[in-house]
Amino acid sequence: MTTQNRLTKAQGIDREIETLLAVFRETEARVSAIATEIGADPHRYDEKLKDLAGQIDLRVSVLIEAQREMLAAVDSVPDGIQRTILYERYLCGHTFREIAAGLNYSVRQIQRLHKAALEALADG
C-alpha cells in the first residue's frame, strides 16, 4: 500500500468512529424501546450491550492508533507548508482547490507541493 493510499484510508477514521458510536447509541435505544414494548426488563440485555460496547471500543482504539500513526507520519515531514497540505488534505478532507485558496497558492502549486510531501513521507 502506498503512502498516499494509507493517508487516504485514514481520511475516514473520524467518520467511522462517529458511525460506530451512533450504531451503539441506536442499538441501545432500540433494545430499550423493544424491551419496554414487550414488558421485559431493559437491564436484561445489559450484558449483550456491554459486549457490543467492548467490540466497538476495541475497534475505536485501533482506529485512534492508526490516526495517531498517521499524524506522526505527517509531523515528520520537515517542510511546514507540505505538512499543512497533508494535514488539510488527509485529516480535514479538503480539496486541492480549498487548500490553495486557504494558503493563497495556485492549485497547480499545491499539487506539486503535495507530491513532494508524499515523496518526503516515502523517504522518511
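The values are calculated or read from the model by the stated rules, or taken from the named source; none is laboratory data. On a predicted model such as this, the values are computed, not experimentally measured, just so you know. Don't worry about glycine lacking a Cβ; one is built from the backbone with ideal geometry, like all the others, and counts go over all protein chains shown.
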- Does at least one position in segment 36-46 carry a residue that is buried (at least 16 other Cβ atoms within 10 Å of the Cβ) and either within 18 Å of the chain's Cα centre (by Cα) or assigned to a helix (DSSP H, G or I) (or both)? yes
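One line per residue, one yes/no per condition, for (1) closer than 30 Å to Leu121 by Cα; (2) touching a residue at least 24 places away in the same chain (Cβ under 8 Å); (3) in contact with a strand residue (DSSP E or B) (Cβ under 7 Å, 6 or more places away or on another chain); (4) not hydroxyl-bearing (Ser, Thr, Tyr):
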site	(1), (2), (3), (4)
Arg25	no, no, no, yes
Ala29	no, no, no, yes
Ser32	no, no, no, no
Pro42	no, no, no, yes
Tyr45	no, no, no, no
Lys50	no, no, no, yes
Val60	yes, yes, no, yes
Leu63	yes, yes, no, yes
Ala66	yes, yes, no, yes
*asked:* Residues that are within 14 Å of Gln11 (Cα to Cα), in a helix (DSSP H, G or I) and touching a residue at least 12 places away in the same chain (Cβ under 8 Å): does segment 102-109 have at least one?
replied: no
Exception for Ile81 within (1) of a type outside the set (Ser, Thr, Tyr); (2) in contact (Cβ under 8 Å) with a residue 40 or more places away in the chain; (3) closer than 30 Å to Asp123 by Cα falls at (2)
Checked segment 1-34 for anything modelled with pLDDT of 85 or more and among the small types (Gly, Ala, Ser); matches are Ala22, Ala29, Ser32, Ala33
